[in-house]
Amino acid sequence: MDTTFPIKGRYIVIIWLLPFFYLPGLNLIYFFIGPNEEWYWYDIAYYFYYHSIFAALLALLISRNKINWRLMFHQSSTSDFLCSINLTVFTLIFSIASAYALFYPLSFLLPEFVDYWFIELSPVIYSFEQQYPILPNILSLISLVILAPAIEEFAFRGILLHRWTPKWGMKRAILASSILFGITHPDPIGATAFGAAMCVIYLKTQTLLVPIVCHAINNLASWLIEAGYIAWLGPSYTYSMEDFQSEWPVGVIAAIVASIWAYAYISSDRCKNEWCLPKI
């Protein structure tokens, strides 16, 4: 276990939470876009600018602290990927169940909050006048499936888990880093569970490549779900609170499947293996 990991966890926390309060230079980016461009260019500019700042600061921290990041990428096997994708699919189903468990009752008690936080999300597939502009949607897919998984796995599993495990122990490090990851997502329970699953995958496979791929698959699944809605109902369709409330059986089915899946996994020997951090 590495007890001298030099990068402070607080730096990652600040970088991660910064855009929710202030993202320096963003107004200048918007100024260069101009007021006459379509609205989705502002979304795309925000995500790419944030990812660029996050990646640059991560690179600076790794370089200044002389971290050999290549040691986070040990060789992986096909079985590593198959088992990890299996866990990723489970967390996706669990996330669906947790979203309904949390937001379905709140949709009646605090409908305005649920509408703001969970229903009216920025789209990941952009349309304009019944058309789907190619370049914005390609850029959106790159941001969602390539940039976000790579940068976030480096930050949370590659740095925070290594920094916090010697300080607090592995279970607390997994919990703390996963909660930090989860609270900024629309579904905090599901995202926290997903963060914990990525920690487990990293610890078991000893390489960041596998959680990055699994993270990308998870995000691609979200993209495909939205694409399916659009293909079925058309580009003018807008997901509403009524739609969410009427689809409650989806949450029940997901909860049943996730419960059976979790019981089968816990009952097996696969969850009893010893975990350890890669040596860096």
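The modelled label-to-label distance between TRP248 and TRP39, using points 7 Å beyond Cα along the C-beta direction, is 3.0 nm. Based on the Stokes-Einstein relation at 20 °C and a viscosity of 1.002 mPa s, and on the Kirkwood radius from alpha carbon pairs, the stretch 207-251 is assigned a translational diffusion coefficient of 171 µm²/s. The alpha carbon centroids of the stretch 1-58 and the stretch 121-152 are separated by 17 Å. Computed from phi, the 3J(HN,Hα) profile of the stretch 158-168 under the Karplus parametrisation 6.51, -1.76, 1.60 (θ = phi - 60°) reads x, 10, 4, 5, 5, 6, 8, 4, x, 7, 10 Hz, with x in place of Gly and Pro. Local charge for TYR30 was computed over the other residues whose Cβ lies under 14 Å away, with Lys and Arg +1 and Asp and Glu -1, and equals -3.
Computing Rg and the Kirkwood Rh from the Cα coordinates of the stretch 9-272 gives a ratio, Rg/Rh, of 0.97. Our coupling estimate for the stretch 61-75, obtained by passing each phi through the Karplus curve with A = 6.51, B = -1.76, C = 1.60 and θ = phi - 60°, is 4, 5, 5, 5, 9, 6, 7, 7, 5, 5, 6, 7, 10, 6, 5 Hz, Gly and Pro reported as x.
Using square roots of five times the C-alpha gyration tensor eigenvalues, list the equivalent-ellipsoid semi-axes of the stretch 166-214 in whole Å, biggest first.
Ellipsoid semi-axes (Å, largest first): 18, 15, 7.
What stretch of the chain, leaving out the sites themselves, is the longest with no trypsin sites (Lys or Arg not before Pro) in a DSSP loop having at most 16 other Cβ atoms within 10 Å? Counting only loop sites that pass the neighbour cut-off, the longest clear stretch is 67-278. Put simply, the amide H of PHE73, placed in the peptide plane, has neighbours under 5 Å in LEU208, leaving out anything fewer than 5 places away on its chain.
Based on the reciprocal of the average 1/r between different C-alpha atoms, the Kirkwood radius for the stretch 95-187 equals 16.0 Å. Would you mind classifying the stretch 122-242 by shape? Square roots of the alpha carbon gyration tensor eigenvalues, ordered a ≥ b ≥ c; an a/c under 1.5 is rounded, otherwise it is prolate if a/b is larger than b/c and oblate if not. Note, shape of the stretch 122-242 comes out prolate.
How much net charge surrounds ILE44 when only other residues with a Cβ under 11 Å from its Cβ are counted (Lys, Arg +1; Asp, Glu -1)? That sum, taken over residues with Cβ under 11 Å, equals -3.
Since every read-out is calculated from the coordinates, none of them should be taken as a lab result. Bear in mind that the values here come from a model prediction, so they are computed numbers and not experimental data. Positions of Cβ are backbone-derived with ideal geometry, glycine not excepted, and every protein chain shown enters the neighbour counts.
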